[in-house]
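The values are calculated or read from the model by the stated rules, or taken from the named source; none is laboratory data. Just so you know, these numbers come straight off a predicted model, no measurement behind them. Cβ atoms come from the backbone with ideal geometry, glycine included; neighbour counts cover every protein chain shown. Each accessible area value is taken on the protein alone, full model and side chains, heavy atoms only, with ligands, DNA and RNA left out. Shrake-Rupley method; radii C 1.70, N 1.55, O 1.52, S 1.80 Å.
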Amino acid sequence: MAQHVAQPTASTPALPAKLPLGVIAPWAFFFGILMLVLLYFVGAEQGATSVVSGEDVHEWVHDARHLLGFPCH
């Protein structure tokens, strides 16, 4: 019974394609703004800085507030 052993081949490794900054920048900006909006709603949407009246937003993000260490009551 013959056993076959794989022999390494002399080939150049494949390199990932480089993305230009112009392609990444709009997405980075979009997700940065999205994260700031989410941080506002989780951390500051109550009291004097409230954009939405009532307690609805507070109740939706209540557990996230505690998880991230924001005081709410």
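Any residue in the range 5-28 that is part of a helix (DSSP H, G or I) and charged (D, E, K, R)?
No - not one qualifying residue is present in the range 5-28.
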Hits in the range 42-64 - residues which are exposed (fewer than 11 other Cβ atoms within 10 Å of the Cβ), assigned to a helix (DSSP H, G or I) and either touching a residue at least 12 places away in the same chain (Cβ under 8 Å) or among the polar types (S, T, N, Q) (or both): Thr49
Unmet requirement for Ile33, which otherwise passes all of (1) in contact with a helix residue (DSSP H, G or I) (Cβ under 8 Å, 6 or more places away or on another chain); (2) assigned to a helix (DSSP H, G or I): (1)
Unique residue being free of Cβ contacts under 8 Å to residues at least 12 places away in the same chain and open to solvent by less than 100 Å² (accessible area, probe 1.4 Å) when the list is Leu67, Leu15, Leu39: Leu39
Test: Asp63 is within 20 Å of the chain's Cα centre (by Cα) and acidic (Asp, Glu): yes
